[in-house]
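The values are calculated or read from the model by the stated rules, or taken from the named source; none is laboratory data. Remember, predicted model here, so these are calculated numbers, not experimental data. As a convention, Cβ positions derive from the backbone with ideal geometry for all residues, glycine included, and neighbour counts pool all protein chains shown. Ligands, DNA and RNA are excluded from the accessible area calculation, which covers all protein heavy atoms including side chains. Shrake-Rupley method; radii C 1.70, N 1.55, O 1.52, S 1.80 Å.
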Amino acid sequence: IRDEESGYNKNLFCIPKHYEEDVERVFIPHGLILDRTERLARDIMQDMGSHHIVALCVLKGGYKFFADLLDHIKTLNQNGDKSVPVTVDFVRIKSCC
C-alpha cells in the first residue's frame, strides 16, 4: 500500500458497532487478506516441494492468520497431487524495553 493511498470509505463495509466511532477508513479489505493468505499457502507448498513443513505460530496476535494459512495448506494437501507432512508448534514471545 502506498503512503498516499486513501483507503476505502467505511460505509462500504459492515463495521462492528463497537468500532464505528474509531474507524475512519478501511485500507485492506478482509477479502484481499484472505486472497493473499491463500496465495502465500500456494507459494509455500510450491517452494517446499515434498519437504516437511514446520509451522511456528507466534502467539498473542498471530493465531488467526496462522490458522487461516494452515487451513489453506491443509486444503492444498488434500486436493493436490502430493501430500506434505506439516508439524505445528506455538511460541510466546515477550518484548522487553
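Restricting to the range 21-41, and then to whatever is open to solvent by 70 Å² or more (accessible area, probe 1.4 Å) and part of a loop (DSSP other than H, G, I, E, B), can you tell me which residue is farthest from residue 74 (Cα to Cα)? Only one residue fits best here, namely 21.
Quick grid of which residues meet (1) open to solvent by 50 Å² or more (accessible area, probe 1.4 Å); (2) under 27 Å from residue 2 (Cβ atoms); (3) in contact with a Ser or Thr (Cβ under 7 Å, 6 or more places away or on another chain); (4) not in a helix (DSSP H, G or I):
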{"residue": "51", "(1), (2), (3), (4)": "yes, no, no, yes"}
{"residue": "54", "(1), (2), (3), (4)": "yes, no, yes, yes"}
{"residue": "64", "(1), (2), (3), (4)": "yes, yes, no, no"}
{"residue": "77", "(1), (2), (3), (4)": "no, no, yes, no"}
{"residue": "81", "(1), (2), (3), (4)": "yes, no, no, yes"}
{"residue": "87", "(1), (2), (3), (4)": "yes, no, no, yes"}
{"residue": "94", "(1), (2), (3), (4)": "yes, no, no, yes"}
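Can you find even one residue in the range 81-89 that is polar (S, T, N, Q) and touching a strand residue (DSSP E or B) at 6+ places or on another chain (Cβ under 6 Å)? Checked the range 81-89: at least one residue is polar (S, T, N, Q) and touching a strand residue (DSSP E or B) at 6+ places or on another chain (Cβ under 6 Å).
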